Each structure stands twice: as structure tokens, then as C-alpha cells.
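Report on the structure given below.
The values are calculated or read from the model by the stated rules, or taken from the named source; none is laboratory data. Just so it is clear, the structure is predicted and the values come from calculations on it, not from any experiment. Every residue, glycine among them, receives a Cβ derived from its backbone with ideal geometry; neighbour counts consider all protein chains shown.
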Amino acid sequence: MTSIAQFGTVTAILLTLALHTAPLAAQTPAEGEPAPRIQAQHQGESGLPLPRFVSLRAPKVNLRTGPGVRYPIDWVYNRAGLPLEIIDEFETWRRVRDWEGSEGWVHQSMLSGARKVMIRDKQRLLRDEPDPAAAGVALLAPGVIANLDRCVDAWCRIEIQERSGWLRRIDVYGLYPQETVP
């Protein structure tokens, strides 16, 4: 992985807390696959819905095996803006899942509510209109992170550096299949 460096030996720790829940379906389907059903959202300790997408605030963030600094670091994310899904909360800690399905705990101060998306799988053509026949604006490489502006049906408007345009919803990681993004 280019944006994540493994910090050390993975240590298995079972949390037997009442807050421990099964992961929720949230992956955007690959091209041609049916959309998974998203389980109903519920409210976390923060009062915000779970699950939800956020992004990394800092360029270096530790992913821990449990909710606290006493737990070992499992991974180190080295990329500000990376979209992550919050799937659980415990006090000031957030259990997150990344685009590869890795899960762990991050302190809330390392997360931002700013909506970002990451280009999936292969190069994607950013278009000037939400239409597969529309003119191209830019060619985006896999792993590129962009600001999410809004989504209309199967298309989302994103902004990256000085450019903005439209991509199909299934071409990015960082939003749910039927999520409304005004």
C-alpha cells in the first residue's frame, strides 16, 4: 500500500465492550455488482449518525487496535484527506474502516467532517456534465483524493485543485450507494 505503512506486528485484542458491533455494509459496489443494502443508521455517542463518512485531518494518523493510547498502533495513515467510514464511537475515539476494509480506532481530533472521495481501481475521466458522453475535464489516477460537492442520481460532482467535474458514484470510495449529498 502506498498511503499506509504498517507500523508493527498486528496484535489481536478482543474488546468485550457493549459498544462492539458487527461491521455495517458500506462498500460501494464494483462496476456491474449489485449495490449492498445499508443497514439502518443509528445515533452514536456524539449524537451523529452511524455509520458515516469523514476524512483524515492530519497527514499522519495512528490507527489503534482499541479506543485509547494504551492500545497498540496497528497502522499509520500518511495521507491527509483520506476518506474513512466511522462505524462506532467510544468517548472521544472513533472506530473506522478504510477502503480496503481495515478497521481500527482513531482519536476524534484526527478526523474532519469534510467530505472527500477517493478514485477507485483504475483511471477515471472527470467529465464536465453528469453524462457518459460529456467532454472530459481531467484524467484521474486511482487513489486521487477530491472534495465531494454533491451527487445527483448516479453521478457526483467533485473538486480537485483548480478543476471540478462529474464522476459516476461507483467510481469513488467515500459515500454510500443511495446517499443523498446536497
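Some observations on this one:
- Residue-level analysis places ALA25 outside the set of residues that are within 16 Å of the chain's Cα centre (by Cα), of a type in the set (A, V, I, L, M, F, W, C), assigned to a loop (DSSP other than H, G, I, E, B) and at pLDDT 95 or above.
- Test result for LEU175, at pLDDT 95 or above, under 25 Å from SER112 (Cα atoms) and under 19 Å from the mean Cα position of the chain (by Cα): no
- Total residues in region 40-88, condition more than 20 Å from GLY174 (Cα to Cα), at pLDDT 95 or above and of a type outside the set (Lys, Arg): 9
- Selection from region 85-121 of residues that are part of a strand (DSSP E or B), out of contact with any Cys (no Cβ under 8 Å at 6 or more places or on another chain) and closer than 21 Å to TRP166 by Cα: LYS116, MET118, ILE119
- Failed item, numbered, when GLU100 is tested on (1) of a type in the set (Asp, Glu); (2) out of contact with any Asp or Glu (no Cβ under 9 Å at 6 or more places or on another chain); (3) under 19 Å from TYR173 (Cβ atoms); (4) in the same structural domain as ARG168 (by TED's automatic domain parsing): (4)
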